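Structure record follows, encoded as structure tokens.
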Amino acid sequence: MSIRVLAIGGSLRQGSFNHLLLRQAQRQAPEGMVIDIADLSDIPLYNGDVQAQGFPAAVQRVAAQVAQADALLIATPEYNYSISGVLKNAIDWLSRVPGTPFQGKPVAITSASMSGLGGARAQYHLRQVLVYLDVHPLNKPELFISAAHEKFNAQGELTDAASRAGLDALLAALAARAAQLQLREPVAEAA
Ligand SMILES: Cc1cc2nc3c(=O)[nH]c(=O)nc-3n(C[C@H](O)[C@H](O)[C@H](O)COP(=O)(O)O)c2cc1C
């Protein structure tokens, strides 16, 4: 069974550890899983007046990618104990797009930070935000890349064995959940 995953990273900076983590996920993707990385860099700040004129092209592009994906992988930085504004802004825009592109998607969550907690607080904030989007977040395994500056080499590869194993486990769990949801018989609407 093939699984198309859209990866969403919450940092725009060159050399972002969260972006490197998504690139690493592409390299470690299990057989049958293809991971594309969304580009959030041209999404403007959310403004209801802009929305009233029509959704910006960048928002429409990412919304279509979300809609077409079987599953999502989100890597968020931790900014002041929460998710980055970049990620929240993108989610806010996408949540307004008709057709609710996120609804029912399995979502794996991870984070990378130079701190010892690896962005744990941001992940729990992200889980709260995802409630309204009606996704299927994986509860486990959890993957926090702490001391991220020590775990990637100069080529941007994740070299820490435990982190690589954790990423394998996260992607395997995402594949299993996506397959489970694809196979599930549609539930008849209650009369
Ligand atoms: C505005 C700002 C706030 C931050 N707040 C936190 C924080 O609360 N917890 C934490 O672990 N790291 C914090 N950091 C450090 C980031 O997690 C670290 O810079 C990380 O590398 C950012 O992700 P990136 O490498 O994907 O860009 C903060 C960084 C910035 C710029």
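A short reminder: the numbers here are calculations on the coordinates, not readings from a lab. Computed from a prediction, not measured in an experiment: that's the story for all the values here. Neighbour counts run over all protein chains shown; Cβ positions are idealised from the backbone, glycine included.
Out of all DSSP beta bridges in the stretch 3-183, what portion is antiparallel? Express it as a percent rounded to 5.
10
What translational diffusion coefficient, to the nearest whole µm²/s, does the stretch 100-167 have by Stokes-Einstein, given a Kirkwood radius computed over alpha-carbon pairs, a temperature of 37 °C and 0.692 mPa s viscosity?
Stokes-Einstein gives a translational diffusion coefficient of 252 µm²/s.
Which is the longest part of the chain that has none of the GluC sites (Glu not before Pro) sitting in a DSSP loop with at most 11 other Cβ atoms within 10 Å?
It works out to 32-188.
Between GLN14 and ASP134, what is 0.36 nm times their sequence separation minus the Cα-Cα distance? Round to one decimal in nm.
That works out to 40.1 nm of additional length.
Calculated from DSSP H runs of 4 or more alone, at -39500 (n - 2.57) each and per residue, what is the 222 nm mean residue ellipticity of the chain, nearest 500?
The per-residue figure over the chain is -13000 deg cm²/dmol.
Order these peptides, 2-11, 165-174, 63-72, by their mean beta-carbon neighbour count within 10 angstrom, highest first.
Result, highest mean Cβ count within 10 Å first: 2-11, 63-72, 165-174.
When we measure straight from the Cα of LYS88, which aspartates and glutamates land under 13 angstrom away, once same-chain ones fewer than 8 places off are left out?
GLU78
Treating the beta-carbon of each Lys and Arg as +1 and of each Asp and Glu as -1, no other charges, what is the dipole magnitude of the chain about its Cα centre, to the nearest 20 debye?
140
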